[in-house]
Structure formats: C-alpha cells, structure tokens
Amino acid sequence: MVFPTASPKVIDKAKQIMAMDPIFLDTETTGFGRNDVVIEIGIVNLGGKVLFESLIKPAIPIPPASSLIHGITDEMVIDAPGWKDVWSEIENVLKDRIIGMYNADFDLRLMKQTHQRYWLDWNIEDKRTFCVMKLFAAFYGDWNSKYNSFRLHKLENAGRMSGIALPNSHHAVDDAKLTAALMAYIAGCTPGQA
C-alpha cells in the first residue's frame, strides 16, 4: 500500500524516538468520562516483551457497555489488585523511560484520574510520553480540512493499513504490542512505501 505521504520528517522523528529505546503502554477503562478509571494496563518493550500486565479492581462498577468493548467484567476483576496496590510497580517500569501510547491524551488522562481517586502523587513527566496515533496520522498524511489536522485512525485500522498481523483485541498488553509494532513500522518505512 502506498500512503498519501510517508513524510521523511515523520520517519526521521520516529527513528529519533526509537533510538531512545521507548516502551509502550495501553489501558482499558470503565469508560471515557471524567469519573472513569483504569481496569487493565499493559506495558511492553519495542520487541513486544511484556514488562507489566495486570487487571485492576476499580472502585466503581464496570458498565456493561464498556464490557462489550473490552470484555472485562466486574467478576473478572473481583480478585485483581487495586490501582494503589500496583502503582509502585508500574511507576518503576515507567520511571525515566520514553513512553509511547496510541491516543496518549486518553491513556494519560485516565491514569491521572485513577491516580486522583486514590490521592496518589503523579510523578511521570508528560514530556516523556508521545502519541503513536498522532505520529501515524502525520505519517499516513491524509489531511482533514474540517479539523485542520491530519486524519486520525483507529489502532486496528492503522495496523491493518501497515500490514501488521497483530490483532487489536482491546486487551491492554495486546494493544501495547500492536502500538510498538506500528512504531517500528513507521521508523523503518522508506518515504512513498508501505
């Protein structure tokens, strides 16, 4: 598949990020709102090795509509640790690392919301994170004049358009692996090819 513009600038930016040995994170949540929280987190390295993976028992029920998306139910998290029980381990994995996420704004917001619910201090610098979704949008290069920006793509579609065989299963570690593979694809692409 030939992308509209596989910009050399975007590819160079991806290569620069890759040189910093990033890790990749994904979450599943109770929903999208201001009171929703993380119920699953997965963190992998560039090669897809799992660095951390856990279901998280939330302080609120998981709505059935959310369970339909990711398949996680209240029964599945009943014996899972709470966010405050696993945060120190998560923080140790993330500390001093460059962290890629597909839709970083969402994952960061939900992790911070979950943090606030337990009165925990947030010590991860936002400047150490980057959004693979925005990078892929610039890489693909489909301009959206309505929003005056590049058109965003769902993770599953981005993976499919890039020929990556990993599924977007809506399980945190699987989606983190797909995000890592997509980042490697962007960094390894020659302009005009895909």
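Read the figures in this text as sums done on the coordinates, not as results from a lab. Values in this document were obtained by computation on a predicted structure and should not be read as measured data. When we count neighbours, we look across all protein chains shown, and the Cβ atoms used for this are built from the backbone with ideal geometry, even at glycine.
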* Please provide three numbers in whole Å: the alpha-carbon extents of the chain along the principal axes, with the largest listed first. => 49, 35, 31
* Non-local amide H neighbours of LEU51 (under 5 Å, H modeled in plane, Pro and chain starts lacking H): which ones? -> ILE43, VAL44, ASN45
* What share of the DSSP beta bridges in segment 18-126 is antiparallel, in percent to the nearest 5? -> 80 percent
* Using alpha-carbon pairs under 8 Å, 6+ residues apart, how would you state the relative contact order of segment 8-188 in percent? -> 30 percent
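How would TRP83, TRP119, TRP143 line up from fewest to most surrounding beta-carbon atoms within 10 angstrom? Write out the running numbers ahead of the final one.
Details: TRP83 23, TRP119 7, TRP143 13.
The order, fewest Cβ neighbours first, is TRP119, TRP143, TRP83.
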* Structure fact -> Per-residue Cβ contact counts at 10 Å, fewest first, order TYR147, TYR185 as TYR147, TYR185
* Pop out the ³J(HN,Hα) list for segment 103-114 in order, Karplus 6.51 cos²θ - 1.76 cosθ + 1.60 with θ = phi - 60°, rounded to Hz; leave Gly and Pro as x. => 6, 4, 4, 5, 4, 5, 4, 5, 5, 5, 4, 5
* Likely footprinting exposure, GLU156, GLU125, fewest C-beta neighbours within 10 Å first -> GLU125, GLU156
* **In segment 94-194, trypsin sites (Lys or Arg not before Pro) in a DSSP loop with at most 15 other beta-carbon atoms within 10 Å** => LYS95, LYS146, ARG151, LYS154
* To do: Using amide H atoms built 1.01 Å from N in the peptide plane, name the residues 5+ places from TRP143, or on other chains, whose amide H lies under 5 Å from its own.
  => ARG151
